[in-house]
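Contents: one structure, followed by commentary.
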Amino acid sequence: MSEKYYITTAIAYASGKPHIGNTYEIVLADFLARFRRAQGYDVRLQTGTDEHGEKVELKAAAAGVTPQKFVDDVAGEIRRIWDLMNSSYDKFIRTTDDYHEKEVQKIFDRLLAQGDIYKGSYKGLYCTPCESFWTESQLVDGKCPDCGREVTEAEEEAYFFRMSKYADRLMKHYEEHPDFILPLSRRNEMVNNFLKPGLQDLCVSRSSFSWGIPVKSDPKHVVYVWLDALTNYITGLGYHSKGKSGADYEKYWPADVHVIGKDIVRFHTIYWPIFLMALGEPLPKHVYGHPWLLQDGGKMSKSKGNVLYADDLADVFGVDALRYYLLSAMPYENDGLISWELVSDTVNSELANVYGNLVNRTVAMSNKYFGGIVSDGHAAEAVDEDLKAVVTGAYKKVSKLVDEFRVADAVGEIMSVFRRANKYIDETAPWVLARDEAKRERLATVLYNLTETIVIGSSMLACAMPDAAAKAVAECGSELRPFDRLGEFGLLPDGTKVAEKPEILFQRFDTAEVVEKAEKMYEERKAAAEAAKAEAKAAEQGSVKAEEKKPDAPEGTVTMIDIAEFKSVSLRVGHILTAEKVEKADKLLKFTVDLGSEQRTIVSGIAKFYTPEEMVGKQVVVVANLKPAKLRGIESQGMLLCAVSAEGDVVLVAPEKRVPAGSEVC
């Protein structure tokens, strides 16, 4: 039985389309998975989507859809991009998968029963995008230390995990496994910034919103994102906290490496191993916190319309060329850069000029001088030995670099094989040999050595560029070679027939033209977005003018209606999940309201009478079948009922006692 190798990516947060930096991670993990498979490992690559949390709930409400519908759409888009990039994952897990949700509930209950989780309340500074609480001292310039956004004061009942109970044990694990966290700088950051100052107990439930996995014993709480999301690495294998786990778990756990972004190292190297310790399960062997891919020349911004997406880049350069750029441009520890110009220049200089040109020249010369037949002429010279040493020694170097997760360096080492081959062409000058019939055996030997070099180098490069490498080898009349034979030179059978008409593997691009077209694309998209925004604003203004035209009824007039008209109004009890002030609107508050079967965004002019903090958790009466209206650019999907006194005071109408959200008022 072959040795197992379990590799995971961080599951992508289902809040929107993944940009190129998100996409890099699945390409990196796929390279590692393909490399290990070629080495003979029984590989399992798992990826997926993280779909719960307040941010998703708010985005769904803003989009006017249910959270489930929202994450279904986003998860589908993420999977489309992963598939487009030719990633060979074995499992795509979603945290809304039924089996995952049920197991998370069991894990929570077990940790609660054994005293690792306790109930309390939390008051702190909360960052909604990161879904993290912070203390005042942890903020940077008064903002979230992770994302730099504004934080708000929040207080709620919550369950907590006793982190400090396992701190010493975790530190011991760090000391006994110095390569647990890679690179070393990430390990030092965890020790100095979090472990040494003392671990704070971790909030593991929320009660101020409902889009999450309910705590089974206390349904008004949902399991907080990290306990939910991190456990995907074991639930996706069939882990069972209260019984015998599945065969895949027994086979593949512990993970050989979690491939994650450097911004979530803390969660994977402090919280996750402590959760596993509490469950009595072994820890992953490595956590590699890769650097970020930054846009050269400025920050990617949706408002600027210049966000780089994998499908846009792949449409121009091709999937394999984009994969190559991502893998070769990202250093082991420091951030990498990407732009349309950088990708274009790299494709031209490395793929077209070095690799593609080598394949094309070699196949063309074999056809020209030998009718497409490749055979070793056994007319070796001293220069051949240096070429063979570089080629046969490459795999050992590449393998060592992959073991250290230095993938860009490994890809560079593979490309050095092709650079050496191009130099070999200059050294041997086949076109000169072809003029002398006495040098025919020498010419055959040179072309054989070049073809063999392409096969060996391409067999390694296939982990980065699966289709292009396979095509290059096919042009040479061969197949990708097993890794255990890459140290041997001369396995290509005499009489191998190359392709009659070699194709251009990589076209060259006019970089200035590429950049110009990209800028035009962004301008068109920005213009379309602004037009849609203007159209929405016009519709909003039209709605307001229509309201203004309605004649006012005489003061004190009450129009009588019959029972049928009354029944046409749908009144429902709603539960306020979130509340916030509407920017540049003193009177307006924006709410996310749970109506039982759905959640809605409602804007109400009660900001002078209630604060957002007062509103969260209240039950209200909602006119549920009121036509949506836009207020300050926000679509309000209902109205809250209020009583107004003669003095102008506003008081919410609410049930006498709590009833289920969505209950009918009649």
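Annotation note: of Glu341, Glu385, the sole residue that is surrounded by fewer than 21 Cβ atoms within 10 Å (Cβ to Cβ), part of a helix (DSSP H, G or I) and without any contact (Cβ under 8 Å) to a residue 12 or more places away in the chain is Glu385. Counting only residues that are out of contact with any Lys or Arg (no Cβ under 8 Å at 6 or more places or on another chain), surrounded by 12 or more Cβ atoms within 10 Å (Cβ to Cβ) and on the phi > 0 side of the Ramachandran plot, segment 609-663 holds 1 of them.
For segment 492-505, taking the residues that are in contact with a helix residue (DSSP H, G or I) (Cβ under 6 Å, 6 or more places away or on another chain) and not small (Gly, Ala, Ser), the one that is farthest from Gly377 (Cα to Cα) is identified as Leu505. If the condition is being modelled with pLDDT under 95 and in contact with a Ser or Thr (Cβ under 7 Å, 6 or more places away or on another chain), then segment 29-80 contributes Glu54, Lys55, Val56, Glu57, Leu58, Lys59, Ala60, Ala61, Ala62. The residues in segment 405-444 that are acidic (Asp, Glu) and touching a residue at least 24 places away in the same chain (Cβ under 8 Å) can be counted, and the count is 3. Among the residues of segment 159-176, are any part of a strand (DSSP E or B) and surrounded by 23 or more Cβ atoms within 10 Å (Cβ to Cβ)? Checking segment 159-176: at least one residue is part of a strand (DSSP E or B) and surrounded by 23 or more Cβ atoms within 10 Å (Cβ to Cβ). Among residues of segment 352-369 that are over 15 Å from Lys423 (Cα atoms), those with a Cβ under 8 angstrom from a residue that is charged (D, E, K, R), sequence gap 6+ or separate chain, pair up as Ala352/Arg508; Val363/Glu475; Asn367/Glu500. Taking the listed residues Ala229, Ala247, Ala255, Ala278, the one that is under 26 Å from the mean Cα position of the chain (by Cα), small (Gly, Ala, Ser) and farther than 25 Å from Cys147 by Cα is Ala255, with no other qualifying.
Looking at segment 418-477, which of the residues that are in a loop (DSSP other than H, G, I, E, B) and of a type in the set (A, V, I, L, M) is surrounded by the fewest Cβ atoms within 10 Å (Cβ to Cβ)? Checked segment 418-477; the qualifying residue surrounded by the fewest Cβ atoms within 10 Å (Cβ to Cβ) is Ala429. The single condition among (1) in a helix (DSSP H, G or I); (2) under 38 Å from the mean Cα position of the chain (by Cα); (3) in the same structural domain as Asp409 (by TED's automatic domain parsing) that Ala528 does not meet is (3).
Pairs linking a residue in segment 453-464 that is modelled with pLDDT of 95 or more to a residue that is outside any helix (DSSP H, G or I) and surrounded by fewer than 24 Cβ atoms within 10 Å (Cβ to Cβ), with Cβ atoms under 6 Å and 6 or more positions apart or on different chains, are Val455/Ser478; Val455/Arg481; Ile456/Leu486; Ser459/Leu480; Ser459/Arg481; Ala462/Leu480.
Just so you know, in segment 590-608 the residues that are buried (at least 24 other Cβ atoms within 10 Å of the Cβ) and in contact with a helix residue (DSSP H, G or I) (Cβ under 6 Å, 6 or more places away or on another chain) include one that is modelled with the highest pLDDT, and it is Thr592. The residue list Ala518, Ala499 contains one member that is touching a Phe, Trp or Tyr at 6+ places or on another chain (Cβ under 6 Å), surrounded by fewer than 23 Cβ atoms within 10 Å (Cβ to Cβ) and either not assigned by TED's automatic domain parsing to the domain that holds Lys368 or not in a helix (DSSP H, G or I) (or both), which is Ala518.
Residue selection: Gly198 fails the criterion of being loosely packed, with under 13 Cβ neighbours inside 10 Å, under 28 Å from the mean Cα position of the chain (by Cα) and either free of Cβ contacts under 8 Å to residues at least 40 places away in the same chain or within 30 Å of Val402 (Cβ to Cβ) (or both). Looking only at segment 56-96, residues that are in contact (Cβ under 8 Å) with a residue 40 or more places away in the chain and assigned to a loop (DSSP other than H, G, I, E, B) come to 10 in all.
The values are calculated or read from the model by the stated rules, or taken from the named source; none is laboratory data. Predicted model only: the values in this text are computed from it and were never measured. Ideal geometry is used to build each Cβ from the backbone, glycine not excepted, and the neighbour counts take in all protein chains shown.
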